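Engineer: Have a look at the structure that comes next, please.
Read-outs throughout are calculated quantities, based only on the coordinates presented, and are distinct from any laboratory measurement. Every value quoted in this text rests on a predicted model; they were computed, and no experiment measured them. Don't worry about glycine lacking a Cβ; one is built from the backbone with ideal geometry, like all the others, and counts go over all protein chains shown.
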């Protein structure tokens, strides 16, 4: 242990002297032992970012360090928890301190009193190395927690136990004397090792039509959702947390609203995961560092989140991490960097912003784990560009790294088109690599359908420009019909009601069939036109508007049949009327 | 505790005083600065080290010199809170200015407050009736929400704030309701108006007022909202009251933040505002909410004027990212003589869905809101077209929506300063307007809802 003294305090930044520390060592500052991290070393002075409010600290108070980096506890008990940015369980803090968060609390991340039922999967004499699975514990209803040998440890099993243990009790011993436990620690800023990364060939299905069909995300991929306030970032992130087909969800509320985190807390235990039919909370861990909680802990919160995500990946799970919002994280870096009086880069952000963002997103990936399983971490970061201006540094630096861009659009939001994802601005670079999967699962005509829909939407954009000038009546009949079909694609297919029980989640099959019926109607309309019908005859076919009802119907296949029949009926009437 | 007086001021810059050779002074400690003429000013430690302490003065630094002396009080800024504060008026530093006696009873509480543990919160879901149709129906306010008013210079946001303070009530009348009003950087004239209005309508009895005037020092402005919120938290969580906090004008607050940041020679963020403005705003706005197992609540309505009516300006922008929606005042509506000039197309209440519907307001509320929004948006869009092609060129249907938009502004949005409409009245008003549109065009309303409430089509066929 090293001991020194406070030299200077300026907001969350404390300068200490008389202490030998390494970069990113954890230090305890002042008489209350507030937790902090070393971020700079200048001669005999060590500069510390403190995770808690520093009011009342005095120069001369003690500073101590054990020369260890900031670590998280990894073991059973993580899921269903809600942590602050440095993995302190908020429920425990509430018991200790009441309804308001006070400083100086030292609490264990994992409960020490719970005895987990451990089933060993190795036997005495087996040779094990870092990352190997030595046994399992039923952590929640949906997740079996695989107990791993900490990376870097290896040896022959000398002793292995079976039965009920707490996370601190010894469950086995290696021949070199290393004691195995249900829990191990890992530094948050150091990516966990794996054997190799795999190409992104499997989609992370989100249940959102516009995403799965037009801009798909791969398991192990990275995506950014930028958008101005009120455009639905948080609703989109929450929808992803609810319905994406990852097995474990890590939701990092980084510098966002307290009430929103509470909503997640109240809602998730009651919502049912469409993939497992169990409450969503069973697979979720929340990390909440709301905007008014200490800024340095906000900086740490995304690392805490991604380390937990990697840990479940190493157990062979598909993990999705939502970070809402990475802009607040970048701002935390800016704030600390400005307190450190560093030379700023663009808009006051530290010059290392780009490399920090890249490092973070690079921790995503679909990998072969040390135990030869396949696991993945998918990262979806919300970005909150000031004034909705995508040219600002955080958005731009993020876009250089991520492969999927879901652009939220304030205009769409104000037209109440939700999800307000702009179909012309957004893109996915996984479209090609995922195509085989979709073709196999959803049918050979998948890309054909998608391309048709995209073409329609693009043509609509051009036609709209003309309509703005001369009105839609001036367009040729066929183009008027095109506009109507594009509108159907927008309103019946792209729009999705996140607050409707049925519509909130759309399976690949439903997504495809919905698009199919719209494009089927398109074909019918083109036929009618060829036979001499006018655009207004087609637009006035009322039963086509019933397509929207398919979205809200649990038995969508039956509904599609009904709607199709109704439309066919009406088309016949039109043909009769026009004598064609 | 050492109460040594130091005569070691090395320099003064704007509101900042640099003091050398002190004992170990703690961060955030209060400071008294004694001028040569005996006058005493209050300040706070902003940066402390063995060699140099930076003190930020809450008051004007006029008269402070290198010969002035400095005393560190060993404690942070605290305010004495008690229910005696109701009906009283304080300055921006929390001193009584209504001529009455000082507050002596009650505990002294740190004004910085602490973050509510998200685990302790309950999601806000109780409707607050403001008596203003646009807010109640279109941007519903719920207890524990933070819903700002984005205004512009010259718009009647203060009248609106007063009207809300006067009329706001929760459905169950037996619960006690209080208003904490904090004015930052407002003019003497405005302050006078506020006080008079509070006194005249009897609203003062259940209000606590903090006034920081335009002539008061900028650094005091950073204290005022925190005093207000500390008081509000006390009334809400200790005295079980439902407290509405009105903060006006947050733009003045942000200007002070920038002024002090510049004086400290900090690296500025966007448009010269400090890089930590988001976090700073959050420490104010996030002090709203409801706590599990506590009866009271803190609801916030901060008011800010958007410089140049620009909603992307850092002040409204950062606010919008923290608050749960916004009410936007429109200059065009104001020019048309419509009060309150609430532009419903730009506003939003994020927590609205939790607070409306059967048992809370009325079963048709959500549908009515959506239909009003869509119909008004459509009518409003058509206005642009009318300017080009003329009204005559529009179809019958389009003309109906155009007329609807007009009527919506004149009957629904427009209401008197003392016109207190309950939610049923506001919803009925909406249904009257719907009669301008044939039933089949009202697509956002469900058939069963229309059956129950639609009053029949009263326009021309």
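Engineer: Take every DSSP beta bridge whose two residues both sit in chain B, then give the antiparallel share in percent to the nearest 5.
Structural biologist: Of the beta bridges lying entirely in chain B, close to 60 percent run antiparallel.
Engineer: Let me ask you something else. When a/c is below 1.5 the answer is rounded, else prolate if a/b is larger than b/c, else oblate, so apply that to the stretch A:2-69 with a ≥ b ≥ c taken from the square roots of the Cα gyration tensor eigenvalues. Before the final figure, lay out the partial values.
Structural biologist: Numbers: a/c = 1.40, a/b = 1.30, b/c = 1.08.
Rounded is the answer for the stretch A:2-69, as its axis ratio a/c remains below 1.5.
Engineer: For the stretch A:1-44 and the stretch A:218-291, compute the distance between their C-alpha centroids and round to whole Å.
Structural biologist: 35
Engineer: To the nearest Å, what is the center-to-center distance of the stretch B:247-295 and the stretch B:173-221, using C-alpha atoms only?
Structural biologist: 20
Engineer: Within 10 Å of each Cβ in peptide B:275-287, how many partner chain Cβ atoms are there on average? Round it to a whole number, please. Can you show the working numbers first?
Structural biologist: Details: counts 13, 10, 2, 11, 13, 3, 2, 10, 4, 1, 4, 8, 2.
Across B:275-287, the average partner-chain Cβ count within 10 Å equals 6.
Engineer: Can you give the helix-only mean residue ellipticity at 222 nm for chain B, where every DSSP H stretch with n ≥ 4 adds -39500 (n - 2.57) and the sum goes over all residues, rounded to the nearest 500 deg cm²/dmol?
Structural biologist: Values: 13 runs with 135 residues, N = 461.
One gets -8500 deg cm²/dmol as the mean residue ellipticity at 222 nm.
Engineer: Still on this structure, I have one more. Roughly how crowded by other chains is peptide A:291-297, in terms of the mean Cβ count from those chains within 10 Å of each of its Cβ atoms?
Structural biologist: 6
Engineer: For the stretch A:76-120 and the stretch B:112-163, write down the distance between their C-alpha centroids in whole Å.
Structural biologist: Taking the Cα centre of each part, the stretch A:76-120 and the stretch B:112-163 sit 33 Å apart.
Engineer: Now a separate question. How tilted is helix B:224-233 with respect to the longest principal axis of chain B? Cα atoms for both, answer in degrees (0 to 90, nearest 10).
Structural biologist: The two axes meet at around 70 degrees.
Engineer: Over the stretch B:105-245, what relative contact order in percent results from Cα pairs under 8 Å that are six or more residues apart?
Structural biologist: 27
Engineer: Taking the highest mean first, how do the peptides A:488-496, A:460-468 order by number of other beta carbon atoms within 10 angstrom per residue?
Structural biologist: By packing density, highest mean first, the sequence is A:488-496, A:460-468.
Engineer: For chain B, calculate the relative contact order in percent as a whole number, restricting contacts to Cα pairs under 8 Å that are 6 or more residues apart.
Structural biologist: Relative contact order, chain B: 16 percent.
Engineer: At a 10 angstrom cut-off on C-beta neighbours, averaged per residue, how do the peptides B:411-420, A:75-84 rank from highest to lowest?
Structural biologist: A:75-84, B:411-420
Engineer: May I pose another question? Using alpha carbon coordinates only, what is the Rg to Rh ratio of the protein assembly as shown, with Rh defined as the Kirkwood radius? If you can, show how the numbers build up before the last one.
Structural biologist: Numbers: Rg = 30.8 Å, Rh = 31.2 Å.
That ratio equals 0.99.
Engineer: Calculate how many DSSP beta bridges within chain A are antiparallel, expressed in % of all such bridges and rounded to the nearest 5.
Structural biologist: Numbers: 66 of 93 bridges.
Looking only at bridges with both residues in chain A, the antiparallel portion is about 70 percent.
Engineer: Still on this structure, I have one more. Could you grab the relative contact order for the stretch B:255-298? Cα pairs under 8 Å, six or more apart, rounded to a whole percent.
Structural biologist: 24
Engineer: Taking the mean number of other Cβ atoms within 10 Å as a proxy for protection, how do you rank B:430-436, B:176-182 from highest to lowest? Can you show the working numbers first?
Structural biologist: Numbers: B:430-436: 19.4, B:176-182: 23.4.
In descending order of packing, they fall as B:176-182, B:430-436.
Engineer: Further question on the same structure: Which whole number gives the average, over all residues in B:345-351, of C-beta atoms from other chains lying within 10 Å of the residue C-beta?
Structural biologist: Across the residues of B:345-351, the mean count of other-chain Cβ atoms within 10 Å is 3.
Engineer: Can you give the helix-only mean residue ellipticity at 222 nm for chain A, where every DSSP H stretch with n ≥ 4 adds -39500 (n - 2.57) and the sum goes over all residues, rounded to the nearest 500 deg cm²/dmol?
Structural biologist: Result for chain A: -10500 deg cm²/dmol, rounded to the nearest 500.
Engineer: How much FRET efficiency would the formula 1/(1 + (r/R0)^6) give for residue A:278 and residue A:425, where r is the Cβ-Cβ distance and R0 is 45 Å, rounded to 0.05?
Structural biologist: So, using R0 = 45 Å, E works out to roughly 0.80.
Engineer: Then there is this: Helix B:423-434 versus the longest principal axis of chain B: what is the Cα-based angle in degrees, 0 to 90, to the nearest 10?
Structural biologist: 40
Engineer: Distance in nm between label sites at residue B:39 and residue A:447, each 7 Å beyond Cα in the beta-carbon direction?
Structural biologist: Roughly 7.8 nm, to one decimal.
Engineer: A further question follows. Any idea how far apart residue A:400 and residue A:461 come out in nm if each label point goes 7 Å out from Cα toward Cβ?
Structural biologist: Roughly 2.5 nm, to one decimal.
Engineer: Exposure proxy check: A:114, A:101 ranked by fewest other beta carbons within 10 Å?
Structural biologist: A:114, A:101
Engineer: Hey, another quick one. With a point put 7 Å past each Cα toward its Cβ, work out how far residue A:107 is from residue B:417 in nm, to one decimal.
Structural biologist: 5.1
Engineer: Helix B:365-389 against the longest principal axis of chain B: what's the angle in degrees, Cα atoms only, rounded to the nearest 10?
Structural biologist: Roughly 80 degrees, rounded to the nearest 10.
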